[in-house]
Amino acid sequence: MPTNSGVTLRPRTDADLDALYSIAADLDTWEERNPGRPAIPTRERWESRLLAREAEPDGNVSFVIDVEGEAVGNIGVFDIDDLARHGEIGIALTPAARGRGIGTEAMAQMLEFAFIRANLRRVHLEVIASNAGAIRAYEKAGFVIEGRQREHAWVRGHYEDIVRMGILRSEWEARRSR
């Protein structure tokens, strides 16, 4: 999915594995990307899980975030409900790609894919409450805060709230037409 900004979403290639594994192994941002116990997988185990997910996508759609031919992250919609037409979105970037508008552009492209190509009606996400930068970026993309699960996550030695955010296709379309 090319754009004029230099940020594209594309399928994963073997050349992307080093960059994607560096994200998976980044313990400093683990809680921002995963609900489970922090544990860095071995490269072999991580690749095995990645290949298994790709072989049996089960309602998941994911792309590599590419900037000028270099993989800088991944983004996808998972747990897609084919009846209710909704799914959860997730994004992860390498440290060098953060704070440069790359995630904002990738999110815009992924929402277009979700609403236009995948025919979803609603997209939602969860974010830890202390990740103010991500919350601002999601709001910029049109997500609204729908709720909060108090002290739901154990993050770096203390409990944190999980903020649930969502966007409806009608809201996305209204923003797009402006």
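Determine the relative contact order of the chain: mean sequence separation of Cα pairs under 8 Å and six or more apart, normalised by residue count, in whole percent. Once divided by the residue count of the chain, the mean separation gives 18 percent. Note on the chain: GNM, Cα springs under 10 Å; of R122, R164, R136, the largest mean-square fluctuation is that of R136.
Between D79 and K140, the contour length at 0.36 nm per residue exceeds the alpha carbon distance by 19.6 nm. What whole-number distance in Å separates the alpha-carbon centres of region 150-178 and region 66-106? Region 150-178 and region 66-106 have Cα centres spaced 14 Å from each other. Taking the 1.4 Å solvent-accessible surface of the chain as the whole, the part contributed by carbon and sulfur is 50%.
Using the 1.4 Å probe convention, the accessible area of region 30-178 works out to 58 Å² per residue with neighbouring protein chains retained.
The values are calculated or read from the model by the stated rules, or taken from the named source; none is laboratory data. Keep in mind it's a predicted model, so treat the numbers as computed, not measured. Please note that ligands, DNA and RNA were not included when accessible areas were found on the heavy atoms of the full protein model with its side chains. Shrake-Rupley method; radii C 1.70, N 1.55, O 1.52, S 1.80 Å.
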